[in-house]
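Enquirer: After the structure tokens below, expect a handful of questions from me.
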Amino acid sequence: MTFTRPKAGPKSYLSRGPSGHAETFQRCSSDHRLEHCLGKTPVVLAVDGFIRKMRLEKRIETWEDVRGYLAEMTKLDARLVPDEDIVAFCARIDKARADESCAAEN
């Protein structure tokens, strides 16, 4: 089961789900769930680690890569990582990459 890359709005993440229909995740609650899921690890540190891991492996991540990484970080079985957490994490990855691009241009 996978979702498309989320689009981050001011109050929600929008992603197309496995059914093909758009699904909305409330940004505040999704971000809070992700922070809770990661425990003491700051989200920004987890995102940076994931981006570095993908660069070292020289490939573009898949939904299952993100699920597996969050499972490793949280010591959960990958099947137990909530889709909402993965959507929020993907949105944070995209934001970090966009910020990095802007910084490189300046």
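Enquirer: Starting from the stretch 22-87, pick out the trypsin sites (Lys or Arg not before Pro) whose DSSP state is loop and whose Cβ has at most 14 other Cβ atoms within 10 Å. Each step should come with its number before you reach the end.
Expert: On the way: sites: R27, R33, K40, R52, K53, R55, K58, R59, R67, K75, R79; in loops: K40, K58, R59, K75.
Within the stretch 22-87, the qualifying trypsin sites (Lys or Arg not before Pro) (loop, at most 14 other Cβ atoms within 10 Å) are K40, K58, R59, K75.
Enquirer: Hey, can you grab everything whose amide H is under 5 Å from the amide H of E23? Only 5+ residues off in sequence or another chain; H modelled, so Pro and N-termini drop out.
Expert: Excluding prolines and chain starts, which carry no amide H, the hits are S15, R16, G17.
Enquirer: A further question follows. Scan [x] 2, 9, 9, 12, 12, 10, 8, 9, 10, 10, 7, 2, 0; [y] 2, 13, 22, 26, 22, 11, 4, 1, 0; [z] 2, 11, 15, 16, 13, 10, 10, 8, 6, 3, 2, 2, 1, 0 for the value of P(r) over Cα pairs in 5 Å bins from 0, in percent calculated from this model and give just the label.
Expert: Evaluating P(r) over Cα pairs in 5 Å bins from 0, in percent on these atoms matches [y].
Enquirer: For A8, what charge total do you get from the other residues with a beta carbon under 13 Å from its beta carbon, if Lys and Arg give +1 and Asp and Glu give -1?
Expert: Charge balance near A8 sits at +4.
Enquirer: Let me have the 222 nm mean residue ellipticity of the chain computed from DSSP H runs of 4+ only, each contributing -39500 (n - 2.57), with the sum over all residues rounded to the nearest 500. Show your work: numbers first, answer last.
Expert: Working: 4 runs with 62 residues, N = 106.
After summing the helix terms and dividing by the residues of the chain, the value is -19500 deg cm²/dmol.
Enquirer: Around W63, with a cut-off of 11 angstrom between Cβ atoms, what is the net charge of the other residues, counting Lys and Arg +1 and Asp and Glu -1?
Expert: On the way: positive: R5, R67; negative: E61, E64, D65, D83.
So the surrounding residues net to -2.
Enquirer: If you take the square roots of the eigenvalues of the alpha-carbon gyration tensor of the stretch 1-60 and sort them as a ≥ b ≥ c, do you get rounded (a/c under 1.5), prolate (a/b over b/c) or oblate? Write out the running numbers ahead of the final one.
Expert: Details: a/c = 2.33, a/b = 1.26, b/c = 1.86.
Oblate, because a/c is 1.5 or more while a/b does not exceed b/c.
Enquirer: What number of lysine-lysine pairs in the chain show an alpha-carbon separation below 19 angstrom, given a sequence spacing of 8 or more or placement on distinct chains? Could you put the intermediate results ahead of the total?
Expert: Details: K7/K95; K11/K95; K40/K75; K53/K75; K53/K95.
Close lysine pairs found across the chain: 5.
Enquirer: Determine the sum of side-chain charges near L38: Lys and Arg each +1, Asp and Glu each -1, restricted to other residues whose C-beta is under 13 angstrom from that of L38.
Expert: Values: positive: R33, K40, K75, R92; negative: D31, E35, D48, E72, D85.
Here the count lands on -1.
Enquirer: Over the chain, calculate the relative contact order: mean separation of alpha carbon pairs under 8 Å at least 6 apart, over the residue count, as a percent. Don't skip to the end; give the middle numbers.
Expert: On the way: 106 pairs, mean separation 30.8, N = 106.
Normalised by residue count, the contact order of the chain is 29 percent.
Here, each number is a calculation from the coordinates, and none is a lab measurement. As the structure is a prediction and not an experimental result, all values here were calculated from the model. No Cβ is skipped: glycine too gets one built from the backbone with ideal geometry, and neighbour counts run over all protein chains shown.
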